[in-house]
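Here is the structure we will look at.
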Protein chains: 2
Amino acid sequence: MILSERAVPVKPVRRRAGRPPHALLGHAQITKAALALVTRHGYKALTMSGLAKALNVAPSALYNHVSSKQDVLLLVEDALMGRVDVSAFADKPWEEAVRLWARSYRDVFSAHLPLIPVIALLPVTNAPQTVKMYDAVTDGFLRAGWPKERVVDAVVALESFIYGSAYDVNAPADIFAPGELADVAPHFTSAVAHRRNPSGHNDADAAFNLGLDAMVAGLEAALAAQH
Amino acid sequence: MILSERAVPVKPVRRRAGRPPHALLGHAQITKAALALVTRHGYKALTMSGLAKALNVAPSALYNHVSSKQDVLLLVEDALMGRVDVSAFADKPWEEAVRLWARSYRDVFSAHLPLIPVIALLPVTNAPQTVKMYDAVTDGFLRAGWPKERVVDAVVALESFIYGSAYDVNAPADIFAPGELADVAPHFTSAVAHRRNPSGHNDADAAFNLGLDAMVAGLEAALAAQH
DNA sequence: CTCACTAAATGAATGACGTTCATTTAGATT
DNA sequence: AATCTAAATGAACGTCATTCATTTAGTGAG
């Protein structure tokens, strides 16, 4: 669970900083290789042996730098978090910035579903890119007038929607096909058959846009309501 | 992936319906045992061997009734879907019904996180309770005036939020502790420190209520806007 | 009543996988 | 040149899901 590559020297710096003698591995190398592996062959291929092979190293060597596979996932997660676009919070109005951030966030992690439990359940401690992302978002909310007591709740609410939407992107087209149960669920069957969205987006985008617009509008109203 | 216990006899019913000669197992037994196992010992304990042991049967026997562990998870998922309370759609106004349904839905699956990928990614085909749940919800939306073209998107948007919120319920209390990175993320650190919600709920409930109220209000407004 | 049929259960085996640990290696320090 | 130390090795373990040839036990046909 510990991600810091080395503890901060407490008193006098005896031993020189930097990587040890003949090290082949480090967090950077592991992260890069894991990311490449996942990008090329998917999460099924992200095994400790496969990762070790990609690094020309024995599987057990990884455990000198990482305490578990969860740690590897956390490294990858943090790296990806740096790809979430928070730039709109710098110069765009709050509503638009939230929309752009949320879409970028969803797009990044819809391609990395297995990381969602990692983001959602593991402390951000020592995940620098993740913390940086949250800071930019928080700053945007504060400057839009959100009280600091409520910012985190608003961000968490949006994030929850984003994670769920990331799953939805990966749902098969026939996920709502009722099969032999069509007759016991007439309303649902009909609604599925008639599903249509104004703009010609795919189903996942239609639901995402509808929900995002609704939540952003609702949050804006809630903010305005409390003066 | 096939969940039907036997194919529907196509032409003349030669063989009598019902369970074969000396069968010990069936979908019902497997589902019940799996549910009990999970309830008592968590998802870590839900292994094919453990399940078989609970049923006094060899692990391989399970594969006569289920084609993979995913199938077992789908059985459990469908059973749990029957616990989601949709009764409010029968007699309460839409806004209140959605709120009660959403909370019930979140509460059921926040105790069964490993099932979320199953619900979110697997077709509902042959999952009767799941289809029934969707039908009740769809009916409620239609009677509230939602056009059948948009009902599914609205439900999917709410579901996405619900799944994400189910994760949030299980997040550790210190998930946002920035650790050594506090100084590089001053806004975020401050917002986390000052996080407070009016009603004395826990953090997950505060974010859930904020997001749910926002989305429900936003959806209501969107519905009204399109005449 | 008996035989043949069939679905279900068995038990041994397989191949991934994450992880541990005693041992060795190789560069830096004294 | 001797020593110290972090990193790498390779063998081993235990846990899984899954497979397959074989056996078991009811059922219906004759």
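We did not get these values from a lab; they are worked out from the coordinates using the rules stated. Computed from a predicted structure; not experimentally measured. Neighbour counts run over all protein chains shown; Cβ positions are idealised from the backbone, glycine included.
Of note:
- Highest average packing first - B:32-39, A:188-195, Cβ atoms within 10 Å: A:188-195, B:32-39
- Ordering B:198, B:179, B:127 by the projection of their Cα atoms onto the charge dipole of chain B, which places +1 on the Cβ of Lys and Arg and -1 on the Cβ of Asp and Glu, puts B:127 at the extreme positive end.
- Local net charge near residue A:95, Cβ-Cβ under 14 Å (Lys/Arg +1, Asp/Glu -1): 0
- Evaluated with a Cβ-only charge set (Lys, Arg +1; Asp, Glu -1), region B:84-225 carries a dipole of roughly 260 debye about its Cα centre, given to the nearest 20.
- For chain A, modelled as a GNM whose springs connect Cα atoms under 10 angstrom apart, the maximal fluctuation among A:118, A:184, A:169 occurs at A:184.
- The protein assembly as shown - mean residue ellipticity at 222 nm from DSSP helices (-39,500 (n - 2.57) per run, n ≥ 4, rounded to 500): -18000 deg cm²/dmol
- Copy-to-copy label separations for residue B:92, where each label sits 7 Å from Cα toward Cβ, in nm and ascending: 3.6
- What separates the residue A:61 label point from its copies, with the point 7 Å along Cα to Cβ, is 4.8 nm, written shortest first.
- Calculated label separations, residue A:221, copies of the chain, 7 Å along the beta-carbon direction, nm: 0.5
- Distance from the C-alpha centroid of region A:61-93 to that of region B:39-107: 32 Å, rounded to the whole angstrom.
- Point-charge dipole on Cβ atoms (K/R +1, D/E -1) for region B:39-97, about Cα centre, debye to 20: 540 debye
- Cα shape, chain B, gyration tensor, a/c 1.5 rule: oblate
- Dimensions (Å) - region A:127-227, Cα atoms, principal axes, largest first: 51, 35, 26
- Cβ charges +1 (Lys, Arg) and -1 (Asp, Glu), total dipole of the protein assembly as shown, debye: 2000 debye
- Shape category assigned to the protein assembly as shown from the gyration tensor of Cα positions, a/c cut at 1.5: oblate
- Highest-MSF residue in chain A out of A:200, A:140, A:164 [GNM, Cα springs under 10 Å]: A:200
- Summary of packing: across the peptides A:94-107, A:205-218, A:170-183, the per-residue average of other C-beta atoms within 10 Å ranks them, highest first, as A:205-218, A:94-107, A:170-183.
- The Cβ shell under 11 Å around residue B:218 holds other residues with a net charge of -4, Lys and Arg each +1, Asp and Glu each -1.
- Cut-off 12 Å between beta-carbons: net charge of the residues surrounding residue A:105, Lys and Arg +1, Asp and Glu -1: +1
- Between residue A:83 and residue B:95, the simple label model (points 7 Å from Cα in the Cβ direction) yields a spacing of 4.1 nm.
- Semi-axes of the equivalent ellipsoid for region B:41-111, computed as √(5λ) from the eigenvalues of its C-alpha gyration tensor and ordered from largest down, come to 35, 12, 8 Å.
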